[in-house]
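Each remark here refers to the structure printed beneath this line.
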Amino acid sequence: MVVIILHPTEQLIIERAAQKIIAEKNGDGIRWYPHYPRWVVFEQRNAVDYAAVKAHAAQLIVSNAEANGNALIFPVNIIWRDGTSTRGAVQFAKKCDSSMNAENNTARAQSAAAETASGSAPAQNKAPPTAASTYGFSDTASSGTNAAFPLSCRVFRAAHAVFSADKTSWSVTDSVWIKTAPKKTRH
C-alpha cells in the first residue's frame, strides 16, 4: 500500500492540531483516542502508484479537520501535474465504543471511592478550562481548527507501507522524498 508521510514540520502542525481537537472532544468524558500512524492513506487502496507520486505529484494540500463516521480526519488532496487530484486522509482519532467507556468510568469510580475512603480525596477544584476556550475551537472539528489550514506541503515522502492483519503494527519498506515546485508569486 502506498502512503504519504508528511515532512516533520507539517507533521508537527498536524500533531498539535490533533491533540487540541482530541482534548476538546474528550472534555466531558473519554470518547476519542489517538490513531497512529498519521500518514496519508488514499480513499481507494490502489488509487496511487508509488512511481506516479514520485514523477507526477505537483502539490499536496491538507484541509481542516472533520468528523468522518467514527473517525476524525484531516482531508488531503494530492494534485497531479495534469491538474487532476486524488483524495486521501490523515486519520488522527477514533471514537471509543461503549464498552471502553464503561470500563473507564468503572475504574474512575473505584479510584474516587478508594481516595474518599482513605481520606485523601482531592480538594474540590473548578472545572478546567475547555479546549474550546483555551484554543479557540468550536464544538465541531470541521469548523476552523487552525489558521494553518489549508496546509500546502511542498516536501513529503511517498512510501510503501505494510500493516499487520490486526492493524496494530506497521512498517515502511521503502520511501522517497518528493519536493514539489514552489508556488509562483508576483512581486
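List of remarks:
- Stretchable slack from S152 to N77, in nm (0.36 nm times residue separation minus alpha-carbon distance): 26.0 nm
- You can think of it this way: the chain between E66 and R16 has 16.5 nm of extra reach, that is 0.36 nm per residue less the Cα-Cα gap.
- Residue-span extension gain [N26 to A55] - 0.36 nm each, minus C-alpha spacing: 6.3 nm
- Phi-based couplings in Hz for the stretch 164-174 (Karplus 6.51, -1.76, 1.60; Gly and Pro marked x): 5, 4, 8, 6, 9, 9, 7, 8, 9, 8, 7
- Under 15 Å from the K95 label point (7 Å along Cα→beta-carbon), backbone N, the stretch 60-87: 66-73
Coordinate-derived values only; no laboratory data. Computed from a predicted model, the values in this text were never measured in an experiment. Glycine also receives a Cβ, built like all others from the backbone with ideal geometry; neighbour counts cover every protein chain displayed.
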